[in-house]
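The values are calculated or read from the model by the stated rules, or taken from the named source; none is laboratory data. As the structure is a prediction and not an experimental result, all values here were calculated from the model. Quick reminder, even Gly has a Cβ in these numbers, built from the backbone with ideal geometry, and neighbours come from all protein chains shown. Please note that ligands, DNA and RNA were not included when accessible areas were found on the heavy atoms of the full protein model with its side chains. Shrake-Rupley method; radii C 1.70, N 1.55, O 1.52, S 1.80 Å.
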Amino acid sequence: RQLARDVARTSQLISSSFAMEAHHQDTAEVAVGIECYVTGSAAGFRAIIKERYSDFLVNEIGQDGEVVYLTALDPEVDSEIDQRQRRERQERQSRFPPSTVPAPAVDEAAREGMEPCSKQEAVDSAVSSVVSAAAAQMTEEEEADKNTTTDASTAAALEEAARVRESAMAEFARLAGAADAERLEMFLDQPGVLTPAPEGLGSKPPQPLILGSSNDKDYRTSLHAFFSLHFQLLTDTVEPPGGDEGHGLLQKSGSKRPILCVRVHPKKHPNKKVNKGAGGGGGQGQKRGREEGEETDDAGWGGHHRWPSGVPPHLEFTLCKENKETGDAIGVISRILHVKPKAFGYAGTKDRRGVTSQRVTVFKVRAARLAKLKLMGMRVGNFRYVDRNLGLGDLRGNLFTLTLRGIEGGSEETVAEAVKALNTRGFINYFGLQRFGTHEISTHVVGAALLRGAWSEAIDLILRPRAADKAEVAAARAIYKETGDASAALKLMPRWCVAEQGLLEGLVKVKGKDLVGALSGVPRNIRTMYVHAYQSYLWNRAASERIRLHGVERVVAGDLVMDKDAAEASIDYSDDEDYGPDGKGGTNFGDAMFSSVREVTAEEVSAGVFSITDVVLPLPGSRVIYSDRLKALYDDMCKADGVQLVGFAHAVKEYSFGFLTGAYRRLLIKPDKFNFSFVEYSDPKMDLTESDMSRIIASSSAVPDATLDACKAVPDENQGGRQLLALRLSFALPTSSYATMAIRELTKSSTSTKAHKDMTRADAEQAHDN
């Protein structure tokens, strides 16, 4: 009986369903299940989206409901921290004068390679060196000028500096012994260590000082702290050199701890050209944690990286990027900082072709260090320190500001009616084309290969040549395709091809024997993206089938809905999460979401309990439920691709629906905070909307109003005064909803990049003919 009702309902909807699918179908969209419209019978119009990056603006909406804007680049948050650290350092120095420097509780007899000496002898020797050096540097002319007020102040400052250094050297002699104290004195007296070296022919920067070796980590830590506190010198830990450098404190002879040395580097002096080949400021083997030309501040943030006390461990900042994927942007910053990408956190990925602003966190990186980076197509700012990192789903949604150019096929009145229909009726919540990648080999195809355990096929798909590849990428892919030589291909593959480079590195490492291990070379977020893309593909196809069968006017028995109390807190947040079988993930409302979904009954349909916007469809996983009709539909789609819907098809859990918990996603979405306006323009190259990027470059920190300001376009003489019409939209969508799908519903035309490039090219040719 249910089947008969479905058939009857289908017959009634044939004409409307045909209309829903009849508008400008695009093969790229159909290939990923994007087929239907909400208002299929309504007329669309021609418009170009993303002609310029400023035509597609995205500003993240945080969990507090605030829209994220980039308004400031200065790391002001570090100024107070640096001042506090300086005060603390001065207080520590004042509490420990030379006569009260505490001696560490170590066994003097355990020091090897040092002459036996009493503590007082070590202090006397260090103090004597300081006094002798200071006396030798004073000239008769300086002595004669001491009676003047200025020189009296200078003498007082020199006296205070000598006292501080005397105190420090006394402490070091007690810590490391007379032998290393004498070597340190000679090192500090060299021009270029504490003070800039005089410029002249043949002058070379001083070499770092390597102190005595030790297998006592606590002892080495105390040395790092000593140099950061008293001299603000960079230090790191290295293997003992081949020559005789003496010995520091050693633990018991049976200790398995490595024997290492603390290396002390000269200060980096500003406004000085460093001879990179001379080895100054750090020799071979120096830790890669500092950028070229980066100056060390007085807060001790250099060399031995000690996080300031009382400062939360995560730096949160606004990332504004133009024409970059979020993952690629993070990859660039992580490589420059020499920080692993997993140290960063963000709430969601943003569109590549556009200007987007979102919050990002990074673990234990100071704002000043990040702010000084020179980034192409990116800006960072609005820094603050927080106690926790951002994770996927830690946002409420996104605010979109879109410009649709070159409107044709409709007047302002008809376009305005279409816009109002979008606002009131919403759009199908399809996963947009960007979910499936920008190449002819879609990411969901790779995901299907992984889910069925076809490891060799998945590797081939990732590395297969693509028509749109740049020359160096094409060369690397061609070598692998023709020869199968991963090592040769790796040498040519650019670093920004993160997935391909990681896979090739994995293949070289396993020597072609462990293909699953080789795939593990691909960053984890990209591996999960492949599987999630296949989930999205199944959802898109299921949504199109649901609308073909039952339309978009009403709920039917067997639809899945979420209880309204849990819907607002739970829906649409977890489809990007990689949940394990234990239900752990990045969101804290997963249990509420899964327990609140159920089938609609015939009685509820008759009573009108639910509306079409309450309907959800599952993304496959171990914790989602299906109605009988949905279960049959998803099974058929998976079987066609050789994928197992339930359980584990192979031993690699990461690539199985039995490992992922799945999620639910609304069938329809209605936009919020909706505004629109029209603007006339004559120059196609003119920016019609101000972005965070353009605003911050112009040194303006004003946050734009919620409403869209009118843009005053100046006619271009080359265009002969020909006026073009653009529509500007501003609206908010929940996380994981795609603005391009809203535009597709509005214009009834393809959202593929190729289609809009063709329209842009046609416009240019028409303008040339005119």
*Using a basic spin-label model with each label point 7 Å from the Cα along Cα→Cβ, how many nm lie between K340 and D563?*
4.1 nm
*Fully extended, how many nm does the chain gain between R495 and L373 (0.36 nm per residue separation, minus their Cα-Cα distance)?*
42.0 nm
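Quick one: length gained pulling Q83 to F674 fully straight, 0.36 nm per residue minus the C-alpha distance? List each step's numbers first, then the result.
Details: separation 591, 0.36 × 591 = 212.76 nm, distance 4.59 nm.
That pair, Q83 and F674, stretches by 208.2 nm at full extension.
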*Can you run phi through the Karplus equation (6.51, -1.76, 1.60; θ = phi - 60°) for the stretch 505-514 and list ³J(HN,Hα) in whole Hz, with x for Gly and Pro?*
4, x, 5, 5, 5, 8, 6, x, 8, 10
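Quick one: length gained pulling K481 to S222 fully straight, 0.36 nm per residue minus the C-alpha distance?
Numbers: separation 259, 0.36 × 259 = 93.24 nm, distance 5.47 nm.
87.8 nm is the gain from fully extending K481 to S222.
Can you tell me the FRET efficiency between V30 and L158 if r is taken as the Cβ-Cβ distance and R0 is 56 Å, rounded to the nearest 0.05? Walk me through the intermediate numbers first.
Numbers: r = 81 Å, r/R0 = 1.45.
Efficiency at R0 = 56 Å is approximately 0.10.
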*Ignoring everything but the protein chains, give the 1.4 Å probe accessible area of Y626 in square angstrom, nearest 10.*
40 Å²
*Provide the per-residue ³J(HN,Hα) series for the stretch 634-648, in order, calculated from phi with Karplus coefficients 6.51, -1.76, 1.60 and θ = phi - 60°, each as a whole number of Hz, with x at glycine and proline positions.*
5, 4, 4, 5, 5, 4, 4, 9, x, 9, 8, 6, 10, x, 10
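Given Cβ point charges of +1 (Lys, Arg) and -1 (Asp, Glu) and nothing else, what value in debye, to the nearest 20, does the dipole of the stretch 321-362 about its Cα centre take?
Details: 9 positive and 4 negative charges, 17 e Å.
Dipole about the Cα centre, nearest 20: 80 debye.
Net charge near L725: determine it from the other residues with C-beta under 9 Å of the C-beta of L725, scoring Lys and Arg +1 and Asp and Glu -1. Walk me through the numbers on the way to the answer.
Working: positive: R405; negative: E408, E412, E680.
Once positives and negatives cancel, what remains is -2.
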*Compactness index (Cα Rg / 2.2 N^0.38 Å), the stretch 424-512*: 1.28
